[in-house]
Amino acid sequence: MDDPFSLDDPEPGPVPEVLPPWLDALNPEQRLAVTTTEGPVLVLSGAGTGKTRVLTCRLAYLLATRPVRPWRILAVTFTNKAAREMRERAAALIGPDAEQVWLGTFHALGVRLLRRHGERVGLRPGFTILDTDDQVRLLKQIMEVENLDLKRWQPAVAMSLIQRWKDRGLCFDALPADAPGRDFAAGRLPDLYRQYQERLLVVNAVDFGDLLLHGLTLFTKHPDVLAEVGGQFQYILVDEYQDTNVAQYLWLRLLARAHGNLCCVGDDDQSIYSWRGAAVGNILRFEQDFPGATVVRLERNYRSTSTILAAASGLIGHNKARMGKDLRAADETRDPGAPITVWGVWDGAEEARRVVEEAEALQRAGEPLNSMAILVRVGFQTREFEERLIVSGTPYRVIGGPRFYERQEIRDALAYLRLAAQPDDSLAFERVVNTPRRGLGPTTIQILNRVARLERISLPEAARRVVETDELRPAARRSLRAFLEDLSRWRALADGLDPAALCGTILDESGYVDMWRADKAPDAEGRVENLKELVGALKEFDSLIGFLEHVSLVMDNEARAAEDALTLMTLHGAKGLEFDTVFLPGWEEELFPHRRALEENGVEGLEEERRLAYVGLTRARRRVFISFAGSRRVFADWRSCLPSRFLDELPPEVVETDTARGLVGSGAQGLSNAPGGWGRVGGPGTVSGEGGIRRPSPGWSAPPTRPTPASAFKAGDRVSHESFGLGTVREVSGDRLDIAFDTAGPRKVMAAFVTLAR
DNA sequence: GAGGAATTGATTTTT
DNA sequence: TCAATTCCTC
């Protein structure tokens with residue numbers, strides 16, 4: 001991509017006298033946000049109010065009308081995808097000039113900065129960027145060498161705590177006493193953090209947090225770097241400001257200090273990433289931090305029907321910590337639209353069936369599948385829907401599932417490539433040294449790791465030394481030597497060969513592909529295919545380094561939006577998207593709001609869950625279907641569920657319920673606006689205040705006995721009855737069954753009290 | 001050290 | 001449930 005630091009700085013063209021026509025299409029508030037080009041601007045934007053449009057127009061406006069030189073604008077987005085889209089939209093407005101902007105994520109900017117000044121924080125050229133997997137493995141290594149009890153010191157837990165510190169812009173030597181997890185494992189965590197950081201420098205690597213943290217160190221300890229970068233960008237635009245973490249916030253404050261031309265666009269009601277370090281406080285504090293800021297509120301919603309807006313506003317109104325926006329339909333004369341439909345169903349399977357049936361009905365009525373989405377709280381919820389969609393033959397795509405570059409075989413292959421590019425990549429070395437099997441198991445690795453830690457050298461370097469000694473058994477030594485020779489041969493090849501050919505050669509010579517070809521596991525074939533795809537992807541790059549950087553930053557795979565398909569994704573993944581029809585399944589206590597959100601963060605956690613629900617509702621243009629199940633299978637057994645408290649918080653007048661008989665309250669009484677609301681499933685649930693955890697009352701934990709229609713039985717079926725035991729159906733008449741019970745004799749019973757025996 | 005069997009234990013959300 | 005460890009034998 002473009003390099004913000006290599007200035008090709010021609011004079012800007014003349015300022016056009018006529019304002020661009022696309023400004024006319026904006027409403028007054030949007031226009032104010034676009035054209036206020038002096039000083040800080042905070043755009044408080046509700047859902048569906050044209051936030052991205054405003055940002056894009058502002059970008060185009062700056063380029064088209066201000067005497068701003070190329071490459072003097074920094075636009076920061078939350079994802080690479082958002083950056084791509086914004087560039088395309090801006091190009092549609094002003095043409096190729098849109099290229100002359102530095103547009104990307106904070107992390108991508110961090111990489112550029114470290115490429116340029118990394119040596120000032122102890123990095124060497126060609127440093128690697130670790131992903132979560134590598135980070136945890138590195139930490140695990142340290143713990144092993146330090147003889148820390150791995151049972152209690154779970155590396156992944158320790159790692160997430162360290163990352164949280166980093167998100168808050170905290171270096172290990174500056175941890176305040178109230179840093180989260182500070183007392184974890186008897187205060188050894190700061191110590192671990194220090195060792196981890198030292199080790200990162202030895203292996204010449206950074207993690208995601210470091211991309212920002214090293215940047216802060218550079219800016220604060222090296223004024224010339226700040227002057228260079230801060231002077232570079234005359235205008236800074238930030239999208240999704242509510243999701244910036246503290247480290248990013250500090251970046252912005254430092255970079256915008258000289259001129260204050262900072263424009264942040266965000267919606268405090270859509271802040272859903274606090275668990276990743278995002279601080280809503282950033283947006284609440286904006287006016288204090290940047291005095292004289294112009295604050296623009298965008299409240300005209302162009303997306304949803306007034307019914308959906310009423311539901312969303314009613315829900316989010318239950319949050320206390322918010323700046324308060326009043327979302328209303330841009331066109332109030334428009335049809336208010338269909339009510340929010342709430343389905344109560346017996347279990348997950350029925351929920352999936354119902355959602356898919358509705359989607360198919362809509363499709364038959366002429367709605368494209370592309371305009372519908374199922375938005376779930378947690379990733380694994382997609383499975384039940386996928387199964388159903390496969391059965392019904394409905395095309396669908398899952399967004400945000402296991403990503404291509406995160407697959408095991410791809411990561412292994414990448415590790416080989418990294419070793420070819422960077423001979424001292426310890427993590428890559430450890431990953432593939434015994435894959436395929438070379439007889440270099442845990443014992444050998446342990447020896448190498450010990451040497452590496454003691455000598456403060458990388459793992460491959462340690463291997464090169466150890467192979468010259470007789471520390472290893474002869475077989476292992478021979479094998480390791482052969483592997484090292486392979487590595488240096490590939491490294492030599494790396495200079496001459498193009499990346500795709502190199503990758504093919506390495507995968508071939510290392511025996512890696514053969515390993516999968518010989519594997520008889522059902523998914524082995526697919527893995528070989530994936531490896532081929534990787535080689536294909538490499539063809540688009542002419543340097544290995546460039547490709548590896550692309551992989552570590554751009555982990556999102558291209559969504560193939562070509563065919564008409566139903567979208568299946570998490571609520572988090574849906575941020576910024578919109579659909580005509582949105583299905584929101586799984587609105588049950590403990591799942592949504594998620595139990596852990598409440599346990600860990602109490603009321604704050606609850607409010608974030610509520611914001612997530614708000615995001616879900618406001619994705620819809622025309623129709624929303626919410627559903628909850630009376631019970632769900634969790635692992636092996638059944639668990640009964642209470643409907644989500646969020647259902648109670650929807651204004652009753654915009655909701656239409658359709659709940660299975662006997663599921664909620666008693667029969668037809670089970671309406672959402674009945675006294676006591678949804679909480680009456682199977683008797684009173686216990687509620688321990690706002691932010692507390694609701695649990696079904698004891699006694700409701702029996703497996704569901706879902707009434708089975710009599711038509712599901714036929715003569716000769718073996719069935720089971722709670723009081724009469726096993727029996728054989730003799731005849732079906734109406735909703736009654738004539739059954740010959742093994743012990744209780746012949747009886748006629750209601751079909752609802754009988755289940756099929758196996 | 002490899003390979004299969006048995007056991008366990010985990011499920012927010014992700015740049 | 002299912003994947004990922006650990007255990008157990010060769």
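The values are calculated or read from the model by the stated rules, or taken from the named source; none is laboratory data. Fair warning: this is a prediction, and the values are worked out from it, not measured in the lab. Positions of Cβ are generated from backbone atoms using ideal geometry, with glycine treated the same way; all protein chains shown enter the neighbour counts.
A few comments on the model shown:
- Residue A:295 meets the conditions (1) over 30 Å from residue A:166 (Cβ atoms); (2) surrounded by 19 or more Cβ atoms within 10 Å (Cβ to Cβ) in every case but one. The failed one is (2).
- Test: residue in region A:42-51 that is of a type in the set (Lys, Arg), at pLDDT below 90 and surrounded by fewer than 22 Cβ atoms within 10 Å (Cβ to Cβ): no
- Selection status of residue A:658, at pLDDT 70 or above, within 30 Å of the chain's Cα centre (by Cα), away from DNA strand B (no atom under 16 Å from the Cβ) and not polar (S, T, N, Q): no
- Looking across region A:412-443 at every residue that is within 16 Å of DNA strand C (Cβ to nearest atom) and hydroxyl-bearing (Ser, Thr, Tyr), the one that is surrounded by the most Cβ atoms within 10 Å (Cβ to Cβ) is identified as A:435.
- For residue A:599: the one exception among (1) more than 20 Å from the chain's Cα centre (by Cα); (2) part of a helix (DSSP H, G or I); (3) more than 11 Å from DNA strand B (Cβ to nearest atom): (3)
- Of the helices (runs of 4 or more DSSP H) lying entirely inside region A:253-364, those containing at least 3 residues that are of a type in the set (Val, Ile, Thr) and more than 16 Å from DNA strand B (Cβ to nearest atom) span A:306-316.
- Per the listing A:383, A:364, the residue uniquely within 22 Å of residue A:570 (Cα to Cα) and of a type outside the set (Asp, Glu) is A:383.
- Within region A:617-637, restricting attention to residues that are within 13 Å of DNA strand B (Cβ to nearest atom) and touching a residue at least 12 places away in the same chain (Cβ under 8 Å), the residue that is nearest to residue A:358 (Cα to Cα) is A:632.
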